[in-house]
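One structure is given below, encoded as structure tokens.
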Amino acid sequence: MAKFNFSRIIPVALILIIAAVSIAALVSLARFVFFPDSNTTTKTEVDISRDALLDTSEDRAVSLTVRGPIVANELFSSYQIKVTPSSRDLTVYSGYLDKISNNISLDNNVPAYEQLVYSLDKANMMKGTELSGDKNDLRGICASGFVYEYRVLKADSSIKSLWSSSCSGSRGSLNASMDQLNKLFTAQIPNVKKTIEGIW
């Protein structure tokens, strides 16, 4: 009798084990396909933005925009350094309507651009997660200081934009050294200090 019961239990137990393993595998597959975990998503986002940064196609660009303190329209200034595989531009703006007050345009080439973007990559320019909604609204941020916005562009459309500021209470989305990144950008324009030091 004991032998009979044992011989019936083994197949039932095997079926239950196989069913449990199959269900677990299906659940894991469904999670992987429909609900990838946050670490995987973050890694994928970083990889995509890093690939975009290192792309040297003609329609690619990187830029640094610096906004000064919030003051009267007549005294407000900002500037942008934008680098593409074929050009380097420094544009200084006055007032909140971005009236161009100075512009320096220089040629560039792919090897030079490649060296820059690889340097920006090693300085972790794409390290950070873009904020959304009110957290990514730069209006009024760091009113007495400076706001720095770093972008990777394709055909003048932003692929990824990270920012930080000189105010300790508004650290932004950038997770890298502003000083290191700013030096890499300003080094692209000869004698840039003469132009930007007199803005503020």
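No lab work stands behind these numbers, since they all come straight from the coordinates. Keep in mind that what you see is a predicted model, and the values were worked out from it rather than measured. Note that we place each Cβ from the backbone using ideal geometry, even for glycine, and neighbour counts take in every protein chain shown.
Computed values, structure above
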{"quantity": "Set of aspartates and glutamates with alpha-carbon distance to residue 183 below 18 Å, sequence-local pairs under 8 removed", "calculated": "89, 114, 121, 149, 197"}
{"quantity": "In the stretch 53-167, lysine pairs with alpha-carbon atoms under 26 angstrom apart (chain gap of 8 or more, or interchain)", "calculated": "15"}
{"quantity": "The stretch 48-161: equivalent-ellipsoid semi-axes (sqrt of 5 x gyration tensor eigenvalues, Cα, Å)", "calculated": "26, 19, 11"}
{"quantity": "Cα-based helix-to-principal-axis angle, 2-34 vs the chain, degrees rounded to 10", "calculated": "10"}
{"quantity": "Likely footprinting exposure, 56, 91, fewest C-beta neighbours within 10 Å first", "calculated": "56, 91"}
{"quantity": "Sum of side-chain charges, residue 95 neighbourhood, beta-carbon under 14 Å (Lys, Arg +1; Asp, Glu -1)", "calculated": "0"}
{"quantity": "Under 11 Å, Cβ to Cβ, from residue 192 - net charge with Lys/Arg +1 and Asp/Glu -1", "calculated": "+3"}
{"quantity": "Relative contact order of the stretch 51-196, pairs being alpha-carbon contacts under 8 Å that are 6 or more residues apart, as %", "calculated": "26"}
{"quantity": "Contour minus Cα-Cα distance for residue 194 and residue 51 (0.36 nm per residue)", "calculated": "48.1 nm"}
{"quantity": "Which of 8, 67, 139 has the fewest Cβ neighbours within 10 Å, and the rest in rising order", "calculated": "139, 8, 67"}
{"quantity": "Unit Cα scatterers, Debye sum, the chain: log10 I(q)/I(0) for q = 0.09, 0.13, 0.14 Å⁻¹", "calculated": "-0.46, -0.77, -0.86"}
